[in-house]
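The values are calculated or read from the model by the stated rules, or taken from the named source; none is laboratory data. These numbers come from a predicted model, not from an experiment. Don't worry about glycine lacking a Cβ; one is built from the backbone with ideal geometry, like all the others, and counts go over all protein chains shown.
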Amino acid sequence: MRHKNHLIGDFAGHTYAWASIGLAVAVCLFIIGNVAYLGADIISLEFLTQPPPANTRITTEGGILTPMIGTIILTLLGILIALPISLSTALYLTWYTKKGIIKTIIESSVDVLAGVPTVVIGLFAQAVFTQPWLGFLSTRIHIEGGLGKAFGRSFFVAGIAMAIMILPFITKAIIESIKTTPKEFPEGSFALGATKWRTVTKIVLNSARPGIVTGVVLGMGRIISDTAIVWLALGGSLRMPGAQPWYEPQNWISTLQHTGSTLTTYIFFTSPAGEGSNPILAFGAAFVLIVIIIVLNAAVAAIGLIGANKVQK
Amino acid sequence: MNEEEKNPAIKIENVNIRYGDNRVLNDVSIDVPKNSIYAFIGPSGCGKTTMIRSINRMNDFVAGFKLTGRVLLNGTDIYTDKKPQVLRKKIGMVFQQPNPLPVSIMQNMILPLTEHYRGAISHFRELAEQKLKACALYGEVKDKLDKPAFELSGGQQQRLCIARALMLEPSVILFDEPCSALDPISTHTIEDLLIELKKERTIIIVTHNMEQARRVSDYTAFFYNGVIAEAGQTNKLFFTPETELLEKYITGKFS
């Protein structure tokens, strides 16, 4: 009798677990499917390769080239700035400092930073990067009388703000991964006379690779989906207003010093829920956004796998 | 006292070790003669692992670790040098859990050399094959030298770790319970290897296995509660123990 009860319990548990998984997957697929259904019509070569018109409120012409590139630039910039800092912070906290006041302060700062709303980080970026001497990161505004100010909105500024936003998430993912490294590896390395630096950079970081990949994926997801920082620190120009043509290498720095947009702000500008009246454009951009997220995640996972295989040889 | 006992390879002089306020070892003095196997035995928590790990300074990273007294390698205090990695080239260590790195067998072998010396990889590979032969492992792995070391059995992994430790030609090798994770046959192979290795090197081994200490060691120190309760030649210690404590321990009355 007992046995039968257990079987029923087992069956119920399995059913519940599968139902939950099914629901989660179904919701995800429904959103992707819905966005694809509503947005796929507008997707064309022209939509992907043309910059949007200056005003999307009245026309459905043009494409999403510059917001799309903007998303990619911001993601790369944010990761490039945040990853080295996160790596060294994680290594310092796990290998180079003992319990004490400094460690506690750094750890709580990381925790607090993780909870700061992105709109606050955007505001902070505005306050700091409008300082005249930081004008090289955006554009300088010259006023009559000579007292200049920096505009404080550019890809550089937004990239730094994004890096600040994702710093705690990458750092924590790497710390957790380092903590789960079996202590036999570093011990074996030390016993063979390797220095701490060599052991940490070769052995510890290698076994922490999955954590680093997780951290980067998490960070990318957050940058791609963020809107508040883009709004405050990148500005609202749907095209690239720097030196033209903006895509030529000699103008890249100028482009990065100027304002721009991402797919999220493009959606905001075109969707009736935001400032626009062209939901078809918003759904098209949303569809591209989802595809970019999937492709980037797959790429980072592949990079992690390639590295792991190399180690195994 | 014979010639070897007068010039010990490792001389431990009045060593006290603390972790913070916790005293782990009190006034330990041991002379480990050259070309001998010295066994550290004693119940869990008696300090023998702390002692062996202090001989190549593996405890330096442990928070609160403090050692007073002297540990001498061929007459030189090992704790005066700021950099422990030079010392660890001269004193190898094999751990309880086999710890090959997650790379191939061959890479595990040549890693210690590429870490410390410049030279042709082909020369390193040759040396590695030589050491694998010395550890009776070459015949078993010669066809899969470039396969991951994790594909080996536990006993093979442990012999790989011993062979890897030999790559730097250490004069002393420390074994921290090297067989406690292995089956009896692998244990036997490693014991034979230890006796072979002591021809050219000095060996210190921590073991919980009384039979093993009796089989392989020339000298034994019995640790109890952070002090050496009894030490001396293994034959004497096991056949005519002076203290009642040791007699009880080797006959398995407590562990």
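Here are the numbers:
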item	result
Residues of the range B:181-208 that turn out to be part of a loop (DSSP other than H, G, I, E, B) and within 14 Å of chain A (Cβ to nearest Cβ), as a count	1
Subset of the range B:220-238 [in a helix (DSSP H, G or I) and touching a strand residue (DSSP E or B) at 6+ places or on another chain (Cβ under 8 Å)]	B:THR234, B:LEU237, B:PHE238
Residues of the range B:19-36 satisfying the condition of being more than 20 Å from B:ALA229 (Cβ to Cβ) and surrounded by 14 or more Cβ atoms within 10 Å (Cβ to Cβ)	B:TYR19, B:PRO33, B:LYS34, B:ASN35, B:SER36
Residue list for the range B:151-172, restricted to those being within 9 Å of another protein chain (Cβ to nearest Cβ) and free of Cβ contacts under 8 Å to residues at least 60 places away in the same chain	B:MET167
Residues located in the range A:81-122, provided they are polar (S, T, N, Q) and either surrounded by 19 or more Cβ atoms within 10 Å (Cβ to Cβ) or part of a helix (DSSP H, G or I) (or both)	A:SER86, A:SER88, A:THR89, A:THR94, A:THR104, A:SER108, A:SER109, A:THR118
Residues within the range B:96-106 that are surrounded by fewer than 20 Cβ atoms within 10 Å (Cβ to Cβ) and more than 8 Å from chain A (Cβ to nearest Cβ), tallied	1
Complete set of residues in the range A:257-270 that are over 19 Å from A:ALA127 (Cα atoms) and assigned to a helix (DSSP H, G or I)	A:LEU263, A:THR264, A:THR265, A:TYR266, A:ILE267, A:PHE268, A:PHE269, A:THR270
Members of the range B:139-191 found to be surrounded by 21 or more Cβ atoms within 10 Å (Cβ to Cβ) and out of contact with any helix residue (DSSP H, G or I) (no Cβ under 9 Å at 6 or more places or on another chain), listed by number	none
Residue ID - nearest to the other protein chains (Cβ to nearest Cβ), chosen from residues in the range A:215-242 that are over 12 Å from the mean Cα position of the chain (by Cα) and either surrounded by fewer than 21 Cβ atoms within 10 Å (Cβ to Cβ) or under 26 Å from B:CYS161 (Cα atoms) (or both)	A:ALA228
Some residue of the range A:138-146 being crowded, with 21+ Cβ neighbours inside 10 Å, at pLDDT below 90 and within 27 Å of A:SER237 (Cβ to Cβ)	yes
The range B:50-108, residues that are of a type in the set (Asp, Glu), part of a helix (DSSP H, G or I) and at pLDDT 85 or above	none
Residue in the range A:204-212 that is in a helix (DSSP H, G or I), within 14 Å of chain B (Cβ to nearest Cβ), over 30 Å from A:TRP231 (Cβ atoms) and under 21 Å from the mean Cα position of the chain (by Cα) present	yes
Qualifying residue in the range A:257-271 (condition: over 21 Å from the mean Cα position of the chain (by Cα) and free of Cβ contacts under 8 Å to residues at least 24 places away in the same chain)	yes
Single condition A:GLY193 does not satisfy, out of (1) within 29 Å of the chain's Cα centre (by Cα); (2) surrounded by 21 or more Cβ atoms within 10 Å (Cβ to Cβ); (3) within 14 Å of chain B (Cβ to nearest Cβ); (4) assigned to a loop (DSSP other than H, G, I, E, B)	(1)
Failed condition for B:LEU113, given (1) facing chain A (nearest Cβ under 10 Å); (2) over 29 Å from B:THR76 (Cα atoms)	(2)
Qualifying residue in the range A:69-78 (condition: assigned to a loop (DSSP other than H, G, I, E, B) and surrounded by fewer than 20 Cβ atoms within 10 Å (Cβ to Cβ))	no
The lone exception for A:PRO84 - which of (1) free of Cβ contacts under 8 Å to residues at least 12 places away in the same chain; (2) over 23 Å from A:MET220 (Cβ atoms) it fails	(2)
Counted residues, the range A:213-250 - those being outside any helix (DSSP H, G or I) and among the aromatic types (Phe, Trp, Tyr)	2
So B:THR243, is it over 19 Å from B:ILE10 (Cα atoms) and touching a strand residue (DSSP E or B) at 6+ places or on another chain (Cβ under 6 Å)	yes
Single condition B:ALA134 does not satisfy, out of (1) under 13 Å from B:ARG164 (Cβ atoms); (2) modelled with pLDDT of 85 or more; (3) more than 9 Å from chain A (Cβ to nearest Cβ); (4) surrounded by fewer than 24 Cβ atoms within 10 Å (Cβ to Cβ)	(2)
Scope the range B:239-255; condition closer than 16 Å to B:ALA39 by Cα, buried (at least 17 other Cβ atoms within 10 Å of the Cβ) and among the hydrophobic types (A, V, I, L, M, F, W, C); matching residues	B:LEU246, B:ILE250
One residue from B:GLY69, B:GLY64, B:GLY75 being among the small types (Gly, Ala, Ser), within 14 Å of another protein chain (Cβ to nearest Cβ) and over 14 Å from B:VAL206 (Cα atoms)	B:GLY64
Considering residues of the range B:192-218 that are surrounded by fewer than 18 Cβ atoms within 10 Å (Cβ to Cβ) and hydrophobic (A, V, I, L, M, F, W, C) only, the residue modelled with the lowest pLDDT	B:MET210
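Conditions tested, residue by residue: (1) under 24 Å from the mean Cα position of the chain (by Cα); (2) without any contact (Cβ under 8 Å) to a residue 24 or more places away in the chain.
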| residue | (1), (2) |
| --- | --- |
| A:ALA125 | yes, no |
| A:GLY135 | no, yes |
| A:ILE141 | no, yes |
| A:ILE160 | yes, no |
| A:GLY188 | no, yes |
| A:VAL200 | no, no |
